[in-house]
Amino acid sequence: MRASAFSRTGKRASALLMASTVLCAPGTVFAQQAADTDDGNAIIVTAQRRAQNLQDVPISIQALGEETLQERGVANFNQYTKQLPSVSFQTSQPGATTVYMRGVASGGDGNHSGSLPSVGTYLDEAPITTIGGTLDVHIYDISRIEALSGPQGTLFGASSEAGTLRIITNKPDHTGFYGGLDVEGNSVKKGGQGGKVEGFVNAPLSDNVALRVVGFYQHDAGYIDNVPGTRSFLPQPGGFNINNSALVEKDYNDLDVYGGRAALKIDLNDDWSATASVMGQDQKSNGFFGYDPSVGDLQVQHFLPESNHDRWYQAALTVEGKIGNWDLTYSGAYMKRKINSVSDYTDYAEAYDALYASYGGLAGYFYYLDNAGNQVLPLQKIVGEDKFTKLTQELRLSSPADKPLRVVGGLFYQRQFHFISQDYQVAGLGSAVSVNGRPGTLWLTQQDRVDKDYAAFGELSYDIMSNLTLTGGLRYYKYDNSLIGFFGFGRNPAGPPYNAAGSSRTGVAACYTSTGASLRDNPGGTLLPAAVAGSPCTNLADFVNGGLVPKRTKDDGFIHRLNLTWKIDPNRMVYATWSRGFRPGGINRRATLAPYDADFLTNYEVGWKTTFAGGSVRWNGAIFWQDWKSFQYSFLGQNSFTEIHNGPNARIKGIESDVTVVPAVGLTLTATAAYIDAKTRQNLCTYDDATFTCTSPGPNGQANSVLAPTGTRLPVTPKFKINASARYEFDLGTGKFHLQGVVTHQSSALSVLRASTAQGGVRLAPYTLFDFSLGMTWDKFSVEAFLENAFDKRAQVTSFAQCSVCTRDYIIPLRPQTLGLRAGYKF
């Protein structure tokens with residue numbers, strides 16, 4: 001039942017009252033001397049692996065410093081990407097997010113065995129990019145977030161094809177003992193109540209050793225309602241009729257996150273230091289984070305429990321020192337991540353039940369029978385498990401930064417392991433029609449994936465004149481990626497039905513026997529042991545010398561960066577860049593398909609960085625043109641099975657700009673914006689066609705067609721996005737009062753790469769969001785009230801259907817209107 005307006009208002013007031021009581025105890029946002037306010041205007045970044053003023057870096061880069069992150073209440077991925085106009089993303093739930101920059105997006109990249117990301121994400125010096133989605137790192141006690149647009153070509157390699165996001169933490173220091181405690185309570189319109197508690201301590205342990213410890217807990221209220229619904233399945237009459245009464249719940253998509261970070265820095269002597277750190281985070285969510293417009297606003301009708309448990313940790317070591325007057329940096333990190341999920345797949349059953357009506361519905365077509373031979377309810381759920389490990393190491397050497405000739409060079413190694421398990425379960429399914437040895441499992445994906453990257457890089461900068469610098473760099477890359485395991489249905493050893501739908505192309509029927517032939521071609525043969533634990537056998541591998549080895553693809557080559565920078569005067573700079581990035585190729589899950597190749601992005605860019613009026617006005621920008629060659633794309637293949645192939649080319653052109661103005665004491669105005677025009681240069685076909693004429697038939701002889709003609713917009717990224725803010729501060733009594741307003745607008749975007757909505761594409765509607773806050777800061781205390789998404793707009797960031805023939809399109813929105821109170825204390 002929906003709560004009354006009175007009870008909802010009362011709950012909101014109670015939540016805010018509880019949050020306000022913390023003012024009686026220590027609690028204020030501690031604003032340690034911000035890393036982005038060196039002289040009140042300078043923003044210090046390390047995008048070029050050296051500490052530099054942002055205005056001296058010839059790269060299109062946006063930096064959100066610690067002060068900005070605190071002022072805007074940024075705590076998670078959605079909140080900071082809202083501030084970055086060149087960044088867009090697709091998501092289904094927290095932690096399952098694919099990031100894009102500058103429109104380099106084809107959509108459909110979320111498959112576990114699919115393409116690597118095109119945007120690299122770093123935590124300090126180490127990449128934390130995984131296929132399972134960008135880590136939603138809790139943002140607290142963070143020095144800055146850097147967004148580097150476009151391929152850098154030299155210093156960042158694989159999976160930084162379109163850009164790089166870097167989250168830089170505050171490091172331990174020896175200046176003294178200090179810390180902070182922050183709390184928040186909030187209430188979501190049409191939802192529940194949430195809040196968070198965060199704190200950190202910086203402690204010098206001796207003259208040369210310092211420790212910094214951070215801890216946090218956050219509860220995000222739900223706002224999606226699972227409302228009553230029914231479904232009916234064939235055969236009728238006498239078929240299956242179900243309802244979801246046991247799972248009806250308001251605000252059922254809640255989220256809990258807790259974790260911490262500890263870093264120990266040791267100054268070994270005047271020239272050498274070592275910093276060891278570890279960060280861990282545990283995130284649990286319930287429910288579904290989208291709504292079905294055909295059901296109602298912020299409402300769905302789901303029939304099975306849903307949850308996601310995502311936990312990870314990263315241990316890292318950075319050693320910095322000098323060899324003569326050269327700087328040497330070693331960084332190494334080990335990350336481990338595990339995700340357990342359960343998803344309702346009722347939409348699949350609903351859609352295919354209608355599609356197979358002539359067979360008596362889905363249950364009749366797929367032989368959904370129990371051990372007694374009775375039909376069972378064709379309802380499905382997906383039980384997923386992903387395990388990641390990532391080991392990275394980089395050794396970097398830099399010459400003195402004050403010389404006219406400067407060199408940066410180094411070596412890089414990375415190994416990523418990914419265990420993939422997707423278990424499609426039907427309750428009561430009999431053993432004979434289940435995956436062998438797993439009663440109740442209709443389909444199973446159980447695979448091990450390994451992605452290895454090696455690189456050697458070097459970049460040289462030469463001051464042709466005191467104000468004219470030429471920079472050139474190369475990065476040699478080598479990747480070696482592999483995949484092994486099982487995918488598909490079972491096979492009944494007693495005979496027909498051999499497995500679900502009588503399929504003989506996937507699953508146990510395609511597994512290797514001791515002769516190297518498949519079981520389908522050698523019915524009396526002996527199956528080789530499963531290469532991946534939990535599988536019945538192996539059908540994704542290469543048969544070599546009587547055994548099975550992973551299918552592999554590898555390649556090597558060079559990418560580059562060439563830059564010319566003209567420092568017109570100390571306050572004005574222009575630059576031109578030609579750079580190239582890439583994304584490694586990989587293995588298709590269907591063993592008979594060839595691997596897909598790497599795709600490449602070439603970037604041509606002209607940019608400027610300017611400061612006027614004694615530093616009170618800063619205007620930066622860039623104009624770019626990008627050629628994306630043979631981008632990796634998920635095509636629909638045989639038996640409606642996803643295949644990755646290299647598709648057509650695309651071109652992306654646009655402009656980025658950001659402006660900061662301080663027109664009066666205490667008043668700061670900012671605006672960042674991006675216009676991006678991203679289009680295909682060749683036809684995209686329904687089925688892969690190397691000629692792009694869309695005349696080659698599909699894998700089962702189907703007639704091909706043009707899915708998206710030349711000139712179709714690439715999906716996900718809006719043409720225009722802007723974020724603007726106004727903040728006014730003034731002294732009031734013994735403290736400082738502030739008022740702040742932030743507006744974010746983006747135009748519409750396609751959810752998938754289709755020519756029109758008639759072909760299955762859904763257009764994400766444009767939106768404009770307003771956030772407001774006001775508060776007071778004293779010497780040790782602070783308090784702030786805020787209103788996010790003030791006018792409660794449905795900001796659509798993702799739209800998708802659960803299967804290729806499913807007719808229910810879900811919308812994933814940003815959080816509805818949220819009213820809250822923050823308070824903190826510094827010591």
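The values are calculated or read from the model by the stated rules, or taken from the named source; none is laboratory data. Computed from a prediction, not measured in an experiment: that's the story for all the values here. Cβ coordinates were reconstructed from backbone atoms using ideal geometry, including for glycine residues, and neighbour counts include every protein chain displayed. These accessible areas exclude ligands, DNA and RNA; they are computed on the full protein's heavy atoms, side chains included. Shrake-Rupley method; radii C 1.70, N 1.55, O 1.52, S 1.80 Å.
Where in the stretch 621-687 are there strands (runs of 3 or more DSSP E), lying wholly inside it, with at least 1 residues that are without any contact (Cβ under 8 Å) to a residue 24 or more places away in the chain and either open to solvent by 20 Å² or more (accessible area, probe 1.4 Å) or of a type in the set (D, E, K, R) (or both)? Before the answer, list the steps.
Values: elements: 632-636, 642-646, 650-664, 667-680.
Hits in the stretch 621-687: 650-664.
Across the stretch 319-329, what is the total count of residues that are farther than 20 Å from Ile168 by Cβ and either in a loop (DSSP other than H, G, I, E, B) or β-branched (Val, Ile, Thr) (or both)?
Of the residues in the stretch 319-329, 3 are farther than 20 Å from Ile168 by Cβ and either in a loop (DSSP other than H, G, I, E, B) or β-branched (Val, Ile, Thr) (or both).
Name the residues in the stretch 70-90 that are buried (at least 22 other Cβ atoms within 10 Å of the Cβ) and within 10 Å of the chain's Cα centre (by Cα), would you?
Phe77, Ser88, Gln90
Considering each residue of the stretch 330-379, count those that are open to solvent by less than 10 Å² (accessible area, probe 1.4 Å), among the hydroxyl-bearing types (Ser, Thr, Tyr) and in a helix (DSSP H, G or I), and give that number.
Adding up the residues that qualify gives 1.
I'd like to verify a number: residues in the stretch 305-318 that are open to solvent by less than 40 Å² (accessible area, probe 1.4 Å) and in a loop (DSSP other than H, G, I, E, B), how many?
Residues flagged as open to solvent by less than 40 Å² (accessible area, probe 1.4 Å) and in a loop (DSSP other than H, G, I, E, B) within the stretch 305-318 amount to 1.
Is it true that Ser579 is under 30 Å from Gln152 (Cβ atoms), modelled with pLDDT of 95 or more and among the hydroxyl-bearing types (Ser, Thr, Tyr)?
Numbers: under 30 Å from Gln152 (Cβ atoms): yes; modelled with pLDDT of 95 or more: yes; among the hydroxyl-bearing types (Ser, Thr, Tyr): yes.
So Ser579 passes the test.
Just checking, how many residues over the stretch 29-64 are touching a helix residue (DSSP H, G or I) at 6+ places or on another chain (Cβ under 8 Å) and modelled with pLDDT under 80? Show your work before the answer.
Filtering the stretch 29-64 for residues touching a helix residue (DSSP H, G or I) at 6+ places or on another chain (Cβ under 8 Å) gives 29, 31-32, 34-37, 40-45, 61, 63-64.
Applying the additional criterion that residues be modelled with pLDDT under 80 yields 29, 31-32, 34-37, 40-43.
Residues in the stretch 29-64 being touching a helix residue (DSSP H, G or I) at 6+ places or on another chain (Cβ under 8 Å) and modelled with pLDDT under 80: 11 in total.
Go through the stretch 233-247 and report how many residues are out of contact with any Lys or Arg (no Cβ under 9 Å at 6 or more places or on another chain) and in a loop (DSSP other than H, G, I, E, B). Lay out the reasoning, then the answer.
Looking only at the stretch 233-247, we keep the residues that are out of contact with any Lys or Arg (no Cβ under 9 Å at 6 or more places or on another chain), and these are 233-239, 245-247.
Filter again for in a loop (DSSP other than H, G, I, E, B), leaving 234-239.
Residues that pass the stated criteria total 6.
Scan Phe419, Phe486 and give me the residue that is open to solvent by less than 20 Å² (accessible area, probe 1.4 Å), closer than 30 Å to Gln380 by Cβ, modelled with pLDDT of 95 or more and of a type in the set (Phe, Trp, Tyr). Lay out the reasoning, then the answer.
On the way: Phe419 fails: open to solvent by less than 20 Å² (accessible area, probe 1.4 Å).
Result of the check over Phe419, Phe486: Phe486.
Starting from the stretch 513-530, keep only residues that are in contact (Cβ under 8 Å) with a residue 40 or more places away in the chain and closer than 16 Å to Phe486 by Cα, then list their pairs with residues that are assigned to a loop (DSSP other than H, G, I, E, B) and hydrophobic (A, V, I, L, M, F, W, C) whose Cβ atoms are within a distance under 6 Å, requiring at least 6 positions of separation or different chains.
Short answer, once both residue conditions are applied: Ala530/Cys537.
Suppose the filter is over 27 Å from the mean Cα position of the chain (by Cα) and at pLDDT 95 or above; does Asp556 pass it? Show your work before the answer.
Working: over 27 Å from the mean Cα position of the chain (by Cα): no; at pLDDT 95 or above: yes.
Against the criterion (over 27 Å from the mean Cα position of the chain (by Cα) and at pLDDT 95 or above), Asp556 does not qualify.
Any idea which residue in the stretch 563-590 is surrounded by the most Cβ atoms within 10 Å (Cβ to Cβ), counting only those that are basic (Lys, Arg) and more than 30 Å from Ala509 (Cα to Cα)? Even if it seems obvious, please write down each step before you answer.
Pass one, the stretch 563-590, residues basic (Lys, Arg): 567, 572, 580, 583, 589-590.
Imposing the further condition that a residue be more than 30 Å from Ala509 (Cα to Cα) reduces the set to 567, 572, 580, 583.
Details: Lys567: 20, Arg572: 15, Arg580: 22, Arg583: 26.
Applying the filter and picking the extreme gives Arg583.
Does the stretch 391-413 contain at least one residue that is under 29 Å from Gly507 (Cα atoms) and open to solvent by less than 20 Å² (accessible area, probe 1.4 Å)? Full working, then the answer.
Narrowing the stretch 391-413 to residues under 29 Å from Gly507 (Cα atoms): none.
So far as the stretch 391-413 goes, no, none of its residues is under 29 Å from Gly507 (Cα atoms) and open to solvent by less than 20 Å² (accessible area, probe 1.4 Å).
So which residues in the stretch 533-562 are open to solvent by 40 Å² or more (accessible area, probe 1.4 Å) and either in contact with a Pro (Cβ under 7 Å, 6 or more places away or on another chain) or under 30 Å from Gly473 (Cα atoms) (or both), if there are any at all?
Across the stretch 533-562, the qualifying residues are Arg552, Lys554, Asp555, Asp556, Phe558, Leu562.
Can we say Tyr140 is modelled with pLDDT of 90 or more and not in a strand (DSSP E or B)?
Values: modelled with pLDDT of 90 or more: yes; not in a strand (DSSP E or B): yes.
Yes: the conditions hold for Tyr140.
With in contact with a Leu (Cβ under 6 Å, 6 or more places away or on another chain), in a loop (DSSP other than H, G, I, E, B) and crowded, with 16+ Cβ neighbours inside 10 Å as the only criterion, which of Pro715, Pro699 stands out?
Being in contact with a Leu (Cβ under 6 Å, 6 or more places away or on another chain), in a loop (DSSP other than H, G, I, E, B) and crowded, with 16+ Cβ neighbours inside 10 Å holds for just one of Pro715, Pro699, which is Pro715.
Pairs under 8 Å by beta carbon, first residue among the hydroxyl-bearing types (Ser, Thr, Tyr) in the stretch 239-250, partner open to solvent by 90 Å² or more (accessible area, probe 1.4 Å), six or more apart or different chains?
What qualifies is Ser245/Pro228.
Just give me the residues in the stretch 459-478 being under 18 Å from Ala47 (Cβ atoms) and open to solvent by 40 Å² or more (accessible area, probe 1.4 Å), in sequence order. Give the steps one after another, and end with the answer.
If we filter the stretch 459-478 for residues that are under 18 Å from Ala47 (Cβ atoms), which is where we start, we get 459-461, 469, 471-473, 475.
Leu460, the sole residue that qualifies.
What pairs can you find where one residue is in the stretch 258-280 and farther than 19 Å from Ile167 by Cα, the other is in a strand (DSSP E or B) and small (Gly, Ala, Ser), and their Cβ atoms are less than 6 Å apart, with a gap of 6+ or different chains?
Matching pairs, first to second residue: Ile266/Ala274; Asp267/Ser273; Asp271/Gly321; Trp272/Gly321.
Taking the stretch 586-620 as the search range and keeping residues that are of a type outside the set (Gly, Ala, Ser) and part of a loop (DSSP other than H, G, I, E, B), which one is nearest to Asn481 (Cα to Cα)?
Step one: list which residues in the stretch 586-620 are of a type outside the set (Gly, Ala, Ser), which gives 587-590, 592-593, 595-597, 599-606, 608-612, 617-620.
Subset that is part of a loop (DSSP other than H, G, I, E, B): 587-590, 592-593, 595, 597.
Values: Ile587: 7, Asn588: 11, Arg589: 13, Arg590: 16, Thr592: 17, Leu593: 15, Pro595: 10, Asp597: 11 Å.
Restricting to residues being of a type outside the set (Gly, Ala, Ser) and part of a loop (DSSP other than H, G, I, E, B), the top hit is Ile587.
Condition check ((1) farther than 27 Å from Leu814 by Cβ; (2) polar (S, T, N, Q); (3) not in a loop (DSSP other than H, G, I, E, B)) across all residues:
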| site | (1), (2), (3) |
| --- | --- |
| Val183 | no, no, yes |
| Ser187 | no, yes, yes |
| Lys196 | no, no, yes |
| Asn202 | yes, yes, yes |
| Asp207 | yes, no, no |
| Val213 | yes, no, yes |
| Pro228 | no, no, no |
| Arg231 | yes, no, yes |
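Which is open to solvent by 30 Å² or more (accessible area, probe 1.4 Å), among the hydrophobic types (A, V, I, L, M, F, W, C) and not in a loop (DSSP other than H, G, I, E, B), of Ala456, Ala530? Walk me through it before giving the result.
On the way: Ala530 fails: not in a loop (DSSP other than H, G, I, E, B).
It is Ala456.
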